[in-house]
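Shown next, in structure tokens, is the structure this report addresses.
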Amino acid sequence: MAQPLPYMALKDAPVQIRRAATVAQISSSITRALGIIFTTLIIATLPTWAPGLLTYQTIPVGLLVLAIGSVIVSRKGSRIREEIAERKFEKARSSTFTTAILGFVIGGIIPGLLYIYLYTRIGDVMVKRTPDDPKTVYLLPHPSEGIFLGRYLGWIAAYLLVLYIGYTQLSPGLREVSDWLSPVLGVHFNTMIVALFLVFTNPLTYPPLLYLWTFAGFLGGLIAGGKIRRGFLVGMTVYLSTLGALGLAALAIYQNVNLSTLSSLPPPPPGFSIISATTGPVTGDIIPILIQGASPTSQMVIQDVILTMIRNAGLVFAVATISGRAASLFWQGDVFILKTIWKTIKTKKTALPQNTGTSTFPKKGLLLLALAILLMIPTYHSVNPRPITQAPPSGPYQQNLAIGLDMLGAPNASLRMTNLDLTSKGLVLDNNYAGNNLSLFIINNNYTRFLGTSSSLGIPSFILGLFSQPALITFYTGDPATTRGESDNVAAQFSQALGVSFTKAFAVPSGQGTVTIYAPNPELTNNDALTRVLGLLPSSSFSTLIKPANLQSLQYFAAIGLASISLPAPLNKTPTQAFSFILNTQFPRQFYKAGQHYLSLKTLLGFQTGIVGDTNSNASIVSISFQRGTVLYSPLGLTPPYNPIYNNFTSTYIYNATITPRSDFMANFTYPFAPNITIQKTVNPFNGPLGTSHNILVTIQNFDNVTVTNLNVTDDQAPPSYQKTLDISPNGVQTGQFASFPPGQTQFLSYTATTKSSGIYVLSPASTEFVWQASNGTKIRYTVTTDSPLISSSSGPWTQFTRTFTDLQPYSYLLLLPLLLTPIIEPLKLVRRHRKKKPEPWVNTPAEPQNTLPPAPTQAGPDKGVNPPNPTGT
């Protein structure tokens, strides 16, 4: 007669034992989830949690206790489940009572309630057991190991996905920084920027990164399959691999770049915006800390920066690992559903299903599936705008529209308005401007001629060149603790006047004061910003002559705010400390050769209305300045008040629009002869993958009908900071000297440049000098300079990663360990699992082949276990 089995599967245990084991598993899982939540809260609040913990504040200490307590309670719950399966009910009940007390004390209320309920379930099992119950030990189900090499394949898929999306979808600000500095620091700088973006961006404030790591962790965990720990390991491995790529790239830059290289950086490429770079991921979390701190080098500021970086990295780690765990739950739910469906199909094929009182509907699988889907639902929040503070008004204004022609006949226009009354728009001088030296909203549309502009505004030209997006700049002298609030109030005034919200981008100390930069909405274009600025100006002013749509393709710079702007004669030259407006526009070259020319202000600016001076202004002056030697043919005012007049000393044609309105301001003149000599520097192809050879051609042409002499061409090729990442052949300054350059002649200078890094290379401009002799024997020397051409070099994720791997051998071989060890370890584990499936000597199993259905018991006892036969037959 067969003896009772000493070991059985838990699914064959009595219903009371199965329920108690299930409650123990649920209690442990929920407590473990609470531990993850408490740990994530600690990471999310790390910059404030760590200082609070050091000062023994209630909430930081409580979060730490709850996180540690949840881990302790969840581990005890796993052991209680094993004790229930081993029928050690007294020990399990005692452990459950102790764990419930720990749950109430250090794990929160929920774990305590769960384990109190588990305590009652174990008591129910103990009440219903009898002395005749068999001493069967029930084996817990072995967790699934997933597919073969699942962790290996999941890690590869998720890691390649993260790198690819990181390279192709890098945030605009960091992309601009990478394009600017990668040609200087090498191709590894792009890898470092991408890895920095992936690892140290706060996913809670940058949703694209949150979605990327969630999907990558879920994909890796889904491919790995099996128990939850496998999904966690895949997410952790992908995160650590990305962190390793960051370290390798930083090591490569450290080994190959000298600090002297950083002292001679080339100018940023067109379109670079310091606003975009400082308000994007990573920097957007660091800059506010530096702004609020008394000194960027103080201990508290450094501590906050480090804690913020650790917080961001911890949140990325949490997102990757939690999504991996969710994927494992999703995988287990799908497997459970498929198994249930398969068993149902097999049962229907063999026999009609019997009504056993339990449903075969896959509730567990659907529950796991629902939990996984809920983890993917994002949350949204809105920010309320801050209140605006009003201020008292200002006084009357002056305006001057000046047109100037350079030596080569290229017009430029400058509209300046001072002492503006912008009270009705919300901009008024008040106490917030007490320590203010400068408050300007600027718009830079690729303008490069900042020499006169920067001197009038008091801002260095290289700083103005860093802005390609609208921005608000304030400069205060005094205590930063006081001026910080005043600067924010001024920004609030500009926000109300312009109808756009501002975000503080960064602040830097400058001399005895602080310069603060505010960024408007990223969607605000230069054209829209200029339209809003012109809307602040008086409706009858010269601003009606400016059409933003006509300036979109031109280089211009505009600014409005508090600045010391001087006006030319006959207006007062004393700078006024009041609200002012300035707009400088550069037009292309229009006038060549000798002879009579015609200049129409209406044609140049594209306005339709006439030129009318505002009677509310002190003066409305329009002027056109020529090169010396210009002969003016326009009719001049012959009777008082002589409007317009021509100043021979300054070669300026001056018109007072307040006295005599005009439909247009025209000038007929003979311009000093400027020979039509052109020079161009072109790159073909303009862009290409890393390693492309670009042909650079400098072309000098004489389109005139006169001969010029002593023509010298000079091309410095590229800034010296590119010497390690740009191969030029032939290398060195390219020159050309021509004693005579007759009409129709064309000369070339050519060379090739091969890129060794990604990014945008800003080449040096080429220039030419020549001499033309007038009929009276006067020799005039001209200089013509080209624009700075660009080379755009790109490289894909695979090129970036392989270059880093190749350049950093043997350190990079550490990344090969997962690739080499995983295919070896996984087969060994698979063989070990197959060996464990064979019956052990101590298991008393039937000799016949295994059947899909378990053998029927001889008699069912009270707990549906297998009872020994009764010899008495009663």
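The values are calculated or read from the model by the stated rules, or taken from the named source; none is laboratory data. Every value quoted in this text rests on a predicted model; they were computed, and no experiment measured them. All Cβ positions, glycine included, derive from the backbone under ideal geometry; neighbour counts span all protein chains shown. Heads up: the accessible areas ignore ligands, DNA and RNA and are worked out on the full protein's heavy atoms, side chains in. Shrake-Rupley method; radii C 1.70, N 1.55, O 1.52, S 1.80 Å.
Structure above, values below:
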quantity: Stretchable slack from SER553 to ARG628, in nm (0.36 nm times residue separation minus alpha-carbon distance); calculated: 24.0 nm
quantity: Above-threshold pairs, the threshold being 32 Å between Cα atoms, out of LYS681/LYS756; LYS593/LYS681; LYS547/LYS593; LYS76/LYS128; LYS504/LYS756; LYS504/LYS681; calculated: LYS504/LYS756; LYS504/LYS681
quantity: Cα-based radius of gyration of region 675-775 once divided by 2.2 N^0.38 Å, which approximates compact folds; calculated: 1.23
quantity: Accessible area per residue, Å², region 206-252 with all protein chains present, probe 1.4 Å; calculated: 34
quantity: Integer Hz, Karplus 6.51/-1.76/1.60 couplings in order for region 14-28, x for Gly and Pro; calculated: x, 5, 5, 5, 4, 5, 5, 5, 5, 4, 5, 5, 5, 4, 5
quantity: Where a label projected 7 Å from the Cα of THR650 along Cα→Cβ would reach, residues of region 408-432 with amide N under 17 Å; calculated: 412-418
quantity: Net charge over other residues, Cβ less than 10 angstrom from the Cβ of GLY409 (K, R count +1; D, E count -1); calculated: +1
quantity: Alpha-carbon spread of region 1-124, three principal axes, descending order, Å; calculated: 71, 21, 16
quantity: Using a Förster distance of 56 Å, the FRET efficiency for LEU140-ASN446 (Cβ separation, nearest 0.05); calculated: 0.20
quantity: Magnitude of the charge dipole, region 5-161, Cβ model with Lys/Arg +1 and Asp/Glu -1, debye to 20; calculated: 160
quantity: Listed residues ARG79, ARG229 arranged by accessible area, highest first, probe 1.4 Å; calculated: ARG229, ARG79
quantity: Pair ASN712, VAL127: separation of 7 Å Cα→Cβ label points (nm); calculated: 10.8
quantity: Virtual spin-label span in nm between LEU204 and ASN258, 7 Å along Cα→Cβ; calculated: 4.6
quantity: Full-stretch length increase - VAL15, THR45 - with 0.36 nm per residue and alpha-carbon distance subtracted; calculated: 6.3 nm
quantity: Region 588-695: trypsin sites (Lys or Arg not before Pro) in DSSP coil with no more than 11 other Cβ atoms inside 10 Å; calculated: ARG628
quantity: Cleavage-rule hits (chymotrypsin sites (Phe, Trp or Tyr not before Pro)) in region 653-729: DSSP loop, at most 15 neighbouring Cβ within 10 angstrom; calculated: PHE686, PHE703
